[in-house]
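Enquirer: Encoded as structure tokens, here's the structure I'll be asking about.
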Amino acid sequence: MKKMRFSFMKCFCRIKSVRRSLTLWLVLGLMFPALNSAAGNDEVLPLTLDRAIEIALSENPMIKIADREIERVDYSLRTAKNALLPSLNAEGNYSRNFKKQVMYLPDGIFGPGSGGAMEMGFDNSYTAGLTASLPLFSYSIYQNIRLTEHDVALAIESARASRVNMVSEVRKAYFGLLLAADSYRVMSQSMENAEKNLEDVRNLFNQGMVAEYDLIRSEVQVRNLRPSLLQARNGVRMAELMVRVLLGIDEAVVIVTEDDLESYNEGSLLQTNSAGMDLTNNPDLRQLNLEINRMHTQFQVVRAQRFPTLAAFGNFQYMTQANDFRFGNYQWANPIMAGLQLQIPIFNGFSVRNQEQQVSIGIEQMQMQMEYMDRNIQMQLQNAYNEMETAYDQIESNREGVRQAERGYVIAQTRYQTGSGTFLELNDAEMALTQAQLNLNQSLYNFLTAESEYRRIIGMDNVAIH
């Protein structure tokens with residue numbers, strides 16, 4: 001009995017491991033709207049793995065944030081491209097000269113008494129105008145556009161990574177719920193068998209056919225199973241809570257799973273190992289590779305400060321000056337000007353050179369990080385695959401163990417009822433059956449969670465797994 005309870009505790013600890021991430025998801029769950037649309041007016045939500053993934057990808061706030069980030073950087077890209085378009089500005093100006101400017105002329109320039117300080121201008125000055133400019137060549141603008149394109153690619157890959165991680169989280173949580181439900185069914189069946197045995201033993205004891213020791217053992221067995229049954233029921237609640245938080249399902253909605261751990265093809269990825277080991281779609285490696293590409297473009301942005309720029313400009317003004325406010329008598333002038341502006345950087349205190357060195361070192365750091373990450377992820381992938389292989393081998397062994405334990409329990413029950421067997425044999429057979437069923441459920445869960453981790457590492461973002 002102690003061995004069976006220890007195994008169940010090990011199984012239940014796997015279910016309780018969701019508590020590590022549950023706190024975070026509970027906080028995020030406050031951001032969810034109630035999933036009334038998923039259940040309509042009914043209080044029951046039939047749930048499968050594909051349906052759970054579909055709900056999570058449409059309702060989870062982290063997915064929505066990632067999608068909005070794509071929109072944000074897309075506007076940044078548009079802004080960068082707008083720098084290639086002409087700009088047009090209008091301006092207007094009125095000034096009142098309370099004390100006019102003066103110009104000094106040589107004495108006697110226009111005859112005796114002339115020269116000295118001479119006031120210039122009028123009391124009122126009006127100016128309106130349009131100014132236009134167009135960049136003809138600017139290497140920095142083109143590189144800034146490329147830099148923003150990298151930001152868009154990073155945002156898209158980040159959104160894909162969020163989906164891959166969310167699918168993995170949902171798969172593990174859903175399989176945890178199935179494990180908890182299957183374990184609860186096993187413990188319920190074990191309790192039912194123990195209670196039936198207790199009833200049979202009590203009847204035989206009343207007839208004087210068995211000793212009081214058998215009755216006491218049978219009663220103790222029922223009492224010992226009750227805490228494990230309650231613990232299994234609590235495991236179902238915890239696993240269901242994790243699913244609710246990830247999917248944003250309201251407490252009022254009753255979740256009904258439509259499958260069990262046996263419903264899934266546990267050999268799919270093992271049969272495609274040679275293709276599955278490819279890390280081309282790994283989200284972390286892809287994002288880091290995009291970051292390196294962005295740093296190379298950042299280097300070109302810095303280097304662009306060494307290049308000349310050429311721009312065209314034009315100016316149109318409509319202006320007049322007067323000492324009164326008789327607008328109808330004003331004489332207006334409209335000068336027009338256009339030209340080209342060429343700027344050639346000559347010396348800027350070695351700032352560009354220092355910036356280039358900074359970016360170059362950053363690129364080297366990222367490349368070293370890429371090598372380290374690649375080795376680490378290769379190890380994670382191999383570990384996940386090894387866990388899949390181990391669990392897969394255990395599944396077949398445990399299935400055969402369940403078949404043998406079921407037959408052994410029937411034989412022990414028949415032997416005890418006919419008086420040729422002992423209650424100890426029956427009790428051992430019942431515990432062996434419960435242990436075998438729990439082991440099978442655990443091996444199925446181990447395989448499916450290892451497969452989920454394997455899918456996450458290789459970047460599989462498809463939701464259909466059947």
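The values are calculated or read from the model by the stated rules, or taken from the named source; none is laboratory data. Remember, it's a predicted structure, so these values are computed and weren't measured experimentally. Neighbour counts run over all protein chains shown; Cβ positions are idealised from the backbone, glycine included.
Enquirer: Looking at the structure I just gave you, is Ser140 in a strand (DSSP E or B) and either in contact (Cβ under 8 Å) with a residue 40 or more places away in the chain or under 29 Å from the mean Cα position of the chain (by Cα) (or both)?
Expert: Values: in a strand (DSSP E or B): no; either in contact (Cβ under 8 Å) with a residue 40 or more places away in the chain or under 29 Å from the mean Cα position of the chain (by Cα) (or both): yes.
Here the answer is no, as Ser140 does not meet what is asked.
Enquirer: Restricting attention to the range 24-44, does a residue exist that is modelled with pLDDT of 85 or more, among the small types (Gly, Ala, Ser) and exposed (fewer than 11 other Cβ atoms within 10 Å of the Cβ)?
Expert: The initial filter retains those residues of the range 24-44 that are modelled with pLDDT of 85 or more, namely 44.
Narrowing the set further to residues that are among the small types (Gly, Ala, Ser) leaves none.
For the range 24-44, residues modelled with pLDDT of 85 or more, among the small types (Gly, Ala, Ser) and exposed (fewer than 11 other Cβ atoms within 10 Å of the Cβ): absent.
Enquirer: Name the residue, out of Val210, Val186, that is in contact (Cβ under 8 Å) with a residue 60 or more places away in the chain, among the hydrophobic types (A, V, I, L, M, F, W, C) and out of contact with any Ser or Thr (no Cβ under 7 Å at 6 or more places or on another chain).
Expert: Going through Val210, Val186 in turn, the sole match is Val210.
Enquirer: What about Asn203, is it without any contact (Cβ under 8 Å) to a residue 60 or more places away in the chain, part of a helix (DSSP H, G or I) and surrounded by fewer than 17 Cβ atoms within 10 Å (Cβ to Cβ)?
Expert: When the stated conditions are applied, Asn203 passes them.
Enquirer: Report, by residue number, each residue of the range 228-257 that is without any contact (Cβ under 8 Å) to a residue 24 or more places away in the chain and either part of a helix (DSSP H, G or I) or over 23 Å from Asp50 (Cα atoms) (or both).
Expert: Correct list: Leu230, Asn234, Arg237.
Enquirer: A follow-up question, please. How about the range 205-228: which of its residues are within 15 Å of Ala412 (Cβ to Cβ) and aliphatic (A, V, I, L, M)?
Expert: Selection gives Val210 alone.
Enquirer: Looking at Met460, Met431, which is the one that is touching a residue at least 40 places away in the same chain (Cβ under 8 Å), in a helix (DSSP H, G or I) and surrounded by 18 or more Cβ atoms within 10 Å (Cβ to Cβ)?
Expert: Unique residue meeting the criteria: Met431.
Enquirer: May I ask you to verify whether Thr320 is touching a residue at least 60 places away in the same chain (Cβ under 8 Å) and out of contact with any Leu (no Cβ under 6 Å at 6 or more places or on another chain)?
Expert: Yes; evaluated as a whole, the condition is true for this residue.
Enquirer: Pull up the range 298-357, narrow it to residues that are among the small types (Gly, Ala, Ser) and closer than 29 Å to Gly121 by Cβ, then point me to the one that is surrounded by the fewest Cβ atoms within 10 Å (Cβ to Cβ).
Expert: Looking at residues that are among the small types (Gly, Ala, Ser) and closer than 29 Å to Gly121 by Cβ, I get Gly328.
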